[in-house]
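Input: a single structure, listed below in structure tokens.
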Amino acid sequence: MTKTRIIALVLAVIMCIGMMSIAMAEEHEPVTIRFSWWGGDGRHAATLEVINQFQELYPWITVQGEYGSSDGYHDKLATQLTSKTEPDIMQVDPETMPQFVKSGDSFVDLAAAGFDFSNFDMAAISASTITGCYDGVQLGVPTGIAGPCMLVNADLAAEIGADFTKPYTWEDMITWGKAAREKGYYLLHANVSYLDNMLVNAYTKQVAGTTMFDTETGALLATEENLTKTYSLIKEFFDNETVAPIATMVQYAGDSIQSDPDWIAGKYVCTMTYISTANVMMAANPDANYIVGELPVAADALNKGWIVGCPQILTVSKNSKNVDAAILFLNYFYNNEKAVSTLNTQRSVPPTAFAREIVSADGNMDPILAAAVDILNSYNGLANDPIGSTPRAKTIIENEIEELAYGLVSPADAAAIVIEEYQEMAQ
């Protein structure tokens, strides 16, 4: 075949594909759906590429991306839901979702609408509101596997004789913390919000065997006795310098924890971080030799405390005029090999074995993250309750952590203050 004939054949194929796309578009009325999410530049770029791929396959559907940072995202979404102006597809924080579900019937039953769950472990994702299931109805699809992980500088751990690869207790951490200080390190890198989300969350469930509030009724389950134990442990962490002083920690609040110069310089043995942000922590100090360790469990634990969660869920609005198009997009987003490969780990470790195999084959699955998922899957603790996960509930806990760290209250005083304010939130 001559070069001229090959070129002619290629042009004919391209023209045929173009005509088919036009014909397909002509068979459908043009549809526009809106998709909102938050994240960093990498997530934005990958998601926009998937949108482009989808639009090439379904040229009559336009997907408008509405994206930015997490700041103010859920406040804006709450206003949109109230005024029924929300996007067709929404990325939602799984701990914020219960408030939206409670305040109105806003989300589509995804299974009934035709979403393909065949690649998902339904026993796992239907077990909790954290993964989008409410009263047996799947209102959201998890975007990934997330949750806490213990990221360890293996060389420093070996230097102080700390073995994170075997089960250990919170008291073991205090002992290791003393050894770390003798070497000029701190054991645990954590700010106030991380102490709340990790230590308070897990340890309270471990010693009490319950969540702060009843998941179904909203009744207060936390007691002054158990919270006093929790705040006593926090006080020991500060008194024994297992963590850095509060004056240091408050400089790196929220998600700025990786910017602590001492972390960057390799002066912490470990950090309780999240699977979805472990790469950020490692990138801030790339020269360390990292492993993921087990997570601490109280010696007298009634529950393991640690749970598998997800970083976000995707939902579809009941007010959407184009639910079918939104479901078609979500099926592509989760179940198409090219889409999965493009998204890789931009929303944490993928939520299905199907997707994880693709990302692993691409060489994009960090073995650290894979190991963290395996460890977290072994705990199976209690899922967080909707009230205790609210910003208000978290602020109450965190205020008393700071007061305790500055020596302004005792553990018993901190517990009493939290219980008094939690009683006002109980239903």
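Which lysines, if any, have their Cα less than 29 Å from the Cα of Lys84, not counting same-chain residues under 8 positions apart?
Cross-link targets: Lys76, Lys102, Lys318, Lys321, Lys394.
When you take every Cα atom in the chain, what is the radius of gyration, and what is Dmax, the widest Cα pair distance, in Å?
Taking only Cα atoms of the chain, I get Rg and Dmax of 24.0, 88 Å.
How big is the charge dipole of the chain about its Cα centre, in debye rounded to the nearest 20, if each Lys and Arg gets +1 on its Cβ and each Asp and Glu gets -1 on its Cβ?
Working: 23 positive and 53 negative charges, 237 e Å.
Computed about the Cα centre, the dipole is about 1140 debye.
Using a 7 Å offset from the Cα along the Cα-to-Cβ direction at both Phe354 and Glu241, what is the distance between the two label points in nm, to one decimal?
Going by the 7 Å Cα→Cβ label model, 5.4 nm.
Quick one: Debye curve from the C-alpha atoms of region 52-193, no solvent, what's log10 I(q)/I(0) at q = 0.09, 0.12, 0.14, 0.18 Å⁻¹?
The computed values of log10 I(q)/I(0) come out as -0.51, -0.75, -0.86, -1.07.
Could you state the accessible area per residue of region 23-141 in Å², with a 1.4 Å probe and every protein chain left in place?
Numbers: 5660 Å² over 119 residues.
Dividing the accessible area of region 23-141 by its residue count gives 48 Å².
Around Lys183, with a cut-off of 14 angstrom between Cβ atoms, what is the net charge of the other residues, counting Lys and Arg +1 and Asp and Glu -1? Let's see the in-between values first.
Numbers: positive: Lys178, Arg181, Lys267; negative: Asp155, Glu159, Glu182, Glu241, Asp262.
That works out to -2.
Of all accessible surface on the chain at a 1.4 Å probe, what whole percent is carbon and sulfur? Display every interim value, and only then the final one.
Details: 9850 of 18900 Å².
Heavy-atom surface of the chain belonging to carbon and sulfur, 1.4 Å probe: 52 percent.
Using alpha carbons only, what's the Rg to Rh ratio of region 48-135 with Rh from Kirkwood? Don't jump to the answer; show the numbers that get you there.
Values: Rg = 14.8 Å, Rh = 15.2 Å.
Here the Rg-to-Rh quotient is 0.98.
Where does helix 41-57 land angle-wise versus the long Cα axis of the chain, in degrees 0 to 90, nearest 10?
The angle comes out at about 30 degrees.
Can you give me the angle between helix 391-405 and the longest principal axis of the chain, using Cα atoms only, in degrees from 0 to 90, rounded to the nearest 10?
Tilt relative to the chain: about 30 degrees.
If you average over every viewing direction, what projected area does the convex hull of the Cα atoms of region 325-366 give, in nm²?
Details: hull surface 11.0 nm².
In nm², the orientation-averaged hull projection of region 325-366 is 2.7.
Can you check what the net charge comes to around Gly104, using other residues whose Cβ is under 14 Å from the Cβ of Gly104 (Lys, Arg +1; Asp, Glu -1)?
Values: positive: Lys84, Lys102, Lys318; negative: Glu86, Asp105.
So the surrounding residues net to +1.
Please sort 89-95, 277-283 by packing, taking for each peptide the average over its residues of neighbouring beta carbons within 10 angstrom, highest first.
On the way: 89-95: 23.6, 277-283: 17.0.
Top to bottom by mean Cβ count within 10 Å: 89-95, 277-283.
With an 8 Å cut-off on Cα pairs and a minimum separation of 6 or more residues, tell me the relative contact order of the chain in percent. The partial results should precede the final answer.
Details: 706 pairs, mean separation 108.5, N = 427.
This gives 25 percent for the chain.
Viscosity 1.306 mPa s, temperature 10 °C: Stokes-Einstein D of region 137-200 from its Kirkwood Cα radius, in µm² per second?
Values: Rh = 13.9 Å.
Stokes-Einstein gives a translational diffusion coefficient of 114 µm²/s.
Could you provide, to the nearest whole Å², the per residue accessible area of region 346-396 with probe 1.4 Å?
On the way: 2130 Å² over 51 residues.
Result: 42 Å² per residue.
The values are calculated or read from the model by the stated rules, or taken from the named source; none is laboratory data. Every value quoted in this text rests on a predicted model; they were computed, and no experiment measured them. Virtual Cβ from ideal backbone geometry, glycine too; neighbours counted across all protein chains shown. Each accessible area value is taken on the protein alone, full model and side chains, heavy atoms only, with ligands, DNA and RNA left out. Shrake-Rupley method; radii C 1.70, N 1.55, O 1.52, S 1.80 Å.
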